[in-house]
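Remarks on the structure that follows.
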């Protein structure tokens, strides 16, 4: 069982880190091979892309902290300092999610004709993906990639609460109990 949990945490940590790196490489390749998209000239692309990367780095940090604690202390509980950091980041993320909206408006008003519709579409896709990642991390688990998750969906007929949200709720609940 311990080996299974450690492997799962390694998979989640390395998957988030691989996504961070591969999205950078992918953006460079797309920009080089499809210059008509004008990706790197779009303010909306950069704000959406950096938002997504920032969120993925948070996921990387979270799963790495859980893996490290599990290896060292054999507990699955996320360190409190990590959870407090994620509470702050959750609020910052909400502010950062608004920025691409203004970037899209800016791009639409200031780009010369013809508009790089393909590039704007890619930026919009990245933005929507970032929002889904935010929801997946901080509210409701949207990714179901193993038998256990699929079994849960089938039995409960409901989506799981996100792991980070469970950790935040646990910490806040414990603090309320301490203050009583």
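The values are calculated or read from the model by the stated rules, or taken from the named source; none is laboratory data. The model shown is predicted, which means the values in this text are computed figures rather than measured ones. Here the Cβ is made from the backbone with ideal geometry for all residues, glycine too, and neighbour counts use every protein chain on show.
At-a-glance table
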| quantity | calculated |
| --- | --- |
| Single residue of 108, 86 found to be on the phi < 0 side of the Ramachandran plot and loosely packed, with under 12 Cβ neighbours inside 10 Å | 108 |
| Residues (within 27 Å of the chain's Cα centre (by Cα) and free of Cβ contacts under 8 Å to residues at least 24 places away in the same chain) located in region 104-117 | 105, 108, 117 |
| Residue match in region 79-97 (condition: over 17 Å from residue 164 (Cβ atoms) and under 20 Å from the mean Cα position of the chain (by Cα)) | yes |
| Residue satisfying condition, being touching a residue at least 12 places away in the same chain (Cβ under 8 Å), assigned to a helix (DSSP H, G or I) and surrounded by 12 or more Cβ atoms within 10 Å (Cβ to Cβ), within set 120, 101 | 120 |
| Residue within region 79-92 that is part of a helix (DSSP H, G or I) and closer than 26 Å to residue 29 by Cβ present | no |
| Contacts under 9 angstrom Cβ, first residue in region 21-44 being farther than 27 Å from residue 113 by Cβ, partner crowded, with 16+ Cβ neighbours inside 10 Å, 6 or more apart | 23/49; 23/52; 23/53; 23/56; 23/126; 24/49; 24/53 |
| Subset tally (residues that are in contact (Cβ under 8 Å) with a residue 40 or more places away in the chain, closer than 28 Å to residue 166 by Cα and assigned to a helix (DSSP H, G or I)) for region 123-153 | 8 |
| Unmet requirement for residue 28, which otherwise passes all of (1) out of contact with any helix residue (DSSP H, G or I) (no Cβ under 8 Å at 6 or more places or on another chain); (2) in a loop (DSSP other than H, G, I, E, B) | (2) |
| Failed item, numbered, when residue 144 is tested on (1) modelled with pLDDT of 95 or more; (2) surrounded by 13 or more Cβ atoms within 10 Å (Cβ to Cβ); (3) farther than 19 Å from residue 52 by Cβ | (1) |
| The lone exception for residue 15 - which of (1) within 21 Å of residue 162 (Cβ to Cβ); (2) assigned to a helix (DSSP H, G or I); (3) touching a helix residue (DSSP H, G or I) at 6+ places or on another chain (Cβ under 7 Å); (4) without any contact (Cβ under 8 Å) to a residue 60 or more places away in the chain it fails | (3) |
